[in-house]
Amino acid sequence: MKKYSYTEKKDTRSGFGAGLLELGKSNDQVVALCADLTGSLKMDAFEKEFPNRFFQIGIAEANMMGIAAGLTIGGKIPFTGTFANFSTGRVYDQIRQSIAYSNKNVKICASHAGLTLGEDGATHQILEDIGLMKMLPHMVVINPCDYNQTKAATIAISKYIGPVYLRFGRPSVPNFTAPDQNFEIGKAILLNEGTDVTIIATGHLVWKAIEAAEQLAAKGISAEIINIHTIKPLDNLAVLKSIKKTKCVVTAEEHQMNGGLGDSIAQLLSREMPTPQEYVAVNDSFGESGTPDQLMTKYGLDTLDIISAAERVLKRKQK
């Protein structure tokens, strides 16, 4: 088992803020729009440095998406910022009609996603946003795992021509990927080679997958770990190559089981290579108030849940 370590925990939303500021310095076509959550989205540094390229829209998220779509016509690269719930569910019509349908170059940047929003509760803990966004034609969907990867992803999507949904969160999580990494949209990252089971994780669940693989190794189980930071387009070749070797898979995500990463993997396998699969995801449920750690444990998204899923799928594996 390859060893991974970290020296600090950092929130992924701060990675977005750092990436946006760096973009502002290097590309004067980048503009930022926020729906009255500048501090929460860590967009305040960009606002201070580039006040003429920052637009405070207020609590009017639908209007923000329309303005962003319009700015692309003049060659600007707009980055919108608000909570994931308001970035998708509240404005789905505007995204579909004004951005995705016409393939506008808007970067929809969504913080406070998933259960780890914590005490704000079920109304803010959107768990279906990946499904909403990946079903839209033209939309790229990205869910990075730590501060460094979120910063790199923010910079990378500015070079992609077309709509992007970038998802990140509020809690501090292990920051273990390289600060100078080359983020490649649609390219999975193999974190550990294994032979018994493939664990495919995204976002905050990537570090938990690493922890699970270490504990599985102590039990004599060799787990291959793949970090899927880009859910759409999915790296089909990397997924199939790994599962062809291990012959079983666990998918892990901070999202509903329906419509998420696991759903995309299952669709791919049903077409190309039917294989036993277990899901670590929220099972058709809303969240509730609690600390991030409490909620991740209660809803089955913790390290031990990945270990249990791996042990279950190994029992279903064809010899």
Inset, instruction - Working only within region 142-176, note down all residues that are over 23 Å from THR7 (Cβ atoms) and of a type outside the set (Val, Ile, Thr). - result: ASN143, ALA156, SER158, LYS159, TYR160, GLY162, PRO163, TYR165, LEU166, ARG167
Inset, instruction - Could you check ALA238 against (1) farther than 22 Å from VAL173 by Cα; (2) surrounded by 24 or more Cβ atoms within 10 Å (Cβ to Cβ); (3) among the small types (Gly, Ala, Ser) and say which number it fails? - result: (2)
Legend entry - Qualifying strands (runs of 3 or more DSSP E) (wholly inside region 203-262; at least 3 residues being under 16 Å from ASP302 (Cα atoms)): 249-256
Inset, instruction - Could you list, in sequence order, all residues of region 116-142 that are at pLDDT 95 or above and hydrophobic (A, V, I, L, M, F, W, C)? - result: ILE126, LEU127, ILE130, LEU132, MET133, MET135, LEU136, MET139, VAL140, VAL141, ILE142
Inset, instruction - Only residues that are of a type in the set (Ser, Thr, Tyr) and within 16 Å of the chain's Cα centre (by Cα): list them for region 1-20, please. - result: THR12, SER14
Inset, instruction - Among the residues of region 192-208, write down those that are farther than 17 Å from GLU278 by Cα and crowded, with 24+ Cβ neighbours inside 10 Å. - result: GLY203, HIS204
Inset, instruction - Taking the options ALA217, ALA266, name whichever one is in contact (Cβ under 8 Å) with a residue 40 or more places away in the chain and more than 15 Å from the chain's Cα centre (by Cα). - result: ALA217
Legend entry - Every residue from region 116-138 that is touching a strand residue (DSSP E or B) at 6+ places or on another chain (Cβ under 6 Å) and aliphatic (A, V, I, L, M): LEU127, ILE130, MET133
Inset, instruction - Check whether at least one residue in region 244-254 is touching a His at 6+ places or on another chain (Cβ under 6 Å), crowded, with 20+ Cβ neighbours inside 10 Å and within 26 Å of ARG271 (Cα to Cα), and report yes or no. - result: yes
Legend entry - Which listed residue, of SER102, SER111, SER98, SER87, is closer than 25 Å to PHE46 by Cβ, at pLDDT 95 or above and surrounded by fewer than 24 Cβ atoms within 10 Å (Cβ to Cβ): SER98
Inset, instruction - Please find, among GLY300, GLY287, the residue that is within 22 Å of GLY131 (Cβ to Cβ) and free of Cβ contacts under 8 Å to residues at least 24 places away in the same chain. - result: GLY300
Inset, instruction - Among the residues of region 266-284, count how many are under 17 Å from ASP129 (Cβ atoms) and part of a strand (DSSP E or B). - result: 2
Inset, instruction - Select from region 74-84 the residues that are surrounded by fewer than 23 Cβ atoms within 10 Å (Cβ to Cβ) and in contact (Cβ under 8 Å) with a residue 24 or more places away in the chain and write down the one among them that is nearest to TYR160 (Cα to Cα). - result: ILE77
Inset, instruction - Please work out if ILE225 is closer than 30 Å to GLY162 by Cα and not small (Gly, Ala, Ser). - result: yes
Legend entry - Qualifying positions in region 213-229 - surrounded by 22 or more Cβ atoms within 10 Å (Cβ to Cβ) and out of contact with any Leu (no Cβ under 8 Å at 6 or more places or on another chain): ALA213, LEU216, HIS229
Legend entry - Failed condition for ASP180, given (1) under 14 Å from ASP146 (Cα atoms); (2) without any contact (Cβ under 8 Å) to a residue 24 or more places away in the chain; (3) assigned by TED's automatic domain parsing to the domain that holds MET273: (3)
Inset, instruction - For GLN97, state whether it is touching a helix residue (DSSP H, G or I) at 6+ places or on another chain (Cβ under 8 Å) and either part of a loop (DSSP other than H, G, I, E, B) or not β-branched (Val, Ile, Thr) (or both). - result: no
Inset, instruction - Restrict the check to region 102-118 and report whether at least one residue is part of a helix (DSSP H, G or I), over 13 Å from LEU166 (Cβ atoms) and of a type in the set (D, E, K, R). - result: no
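The values are calculated or read from the model by the stated rules, or taken from the named source; none is laboratory data. All values derive from a computational prediction rather than experimental measurement. Positions of Cβ are generated from backbone atoms using ideal geometry, with glycine treated the same way; all protein chains shown enter the neighbour counts.
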